[in-house]
């Protein structure tokens, strides 16, 4: 029992130290409780990003993903509780003012189920970048797969599975997600 408690304590201290180092690099970021960051050197955060409770940010750095991967979250984005961003083997790039509801999962990798497994101990994987534009809203429990690009101003409905690109200023929803309607609004967020 003591060994289990000691191991949990060691993991807690390591996680806390990582969070302190990240906070020093990005002083305007607000962190909630129990935020886990793996391979923190590959994490980039813009000004005034909010990362709330129980969020996991995995920036790769393991053998199975060829020690590749990164996560970049631009200014004034909010990552709500219980989100998982899995930037292993490829990059996750998120634009400004990303509004992310609880339970959103973003994956830059997946198991290559269509390939024959040559080595039973090592499943083959597909690694593809995920790009999310500025002013995107993802409602709760959205899952975004590898290789997806979501355009500026898009809205993704709750419980959607996004496996294909989403055009800018559109609302998508469903599993798999499909376009529900186009938004008629000016692109006030474009750089001048």
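The values are calculated or read from the model by the stated rules, or taken from the named source; none is laboratory data. If you're wondering where the values come from, they're calculated on a predicted model, not measured in any experiment. Virtual Cβ from ideal backbone geometry, glycine too; neighbours counted across all protein chains shown.
Structural remarks
- Number of the exception - residue 140 against (1) at pLDDT 80 or above; (2) surrounded by fewer than 20 Cβ atoms within 10 Å (Cβ to Cβ); (3) touching a helix residue (DSSP H, G or I) at 6+ places or on another chain (Cβ under 8 Å): (3)
- For region 68-86, the tally of residues that are within 13 Å of residue 125 (Cβ to Cβ) and either in a loop (DSSP other than H, G, I, E, B) or touching a residue at least 40 places away in the same chain (Cβ under 8 Å) (or both) stands at 2.
- Among the residues examined, residue 103 does not qualify as within 24 Å of residue 137 (Cβ to Cβ), touching a residue at least 12 places away in the same chain (Cβ under 8 Å) and in contact with a strand residue (DSSP E or B) (Cβ under 7 Å, 6 or more places away or on another chain).
- Filter pass, residue 103 being assigned to a loop (DSSP other than H, G, I, E, B), under 29 Å from residue 152 (Cα atoms) and in contact with a helix residue (DSSP H, G or I) (Cβ under 9 Å, 6 or more places away or on another chain): no
- Residue match in region 61-74 (condition: touching a helix residue (DSSP H, G or I) at 6+ places or on another chain (Cβ under 8 Å), under 25 Å from residue 153 (Cα atoms) and surrounded by fewer than 22 Cβ atoms within 10 Å (Cβ to Cβ)): yes
- Of all residues making up region 1-46, the number that are under 17 Å from the mean Cα position of the chain (by Cα) and in a loop (DSSP other than H, G, I, E, B): 6
- Taken together, 119, 113 contain a single residue that is surrounded by fewer than 19 Cβ atoms within 10 Å (Cβ to Cβ), under 20 Å from residue 67 (Cβ atoms) and at pLDDT below 95, which is 119.
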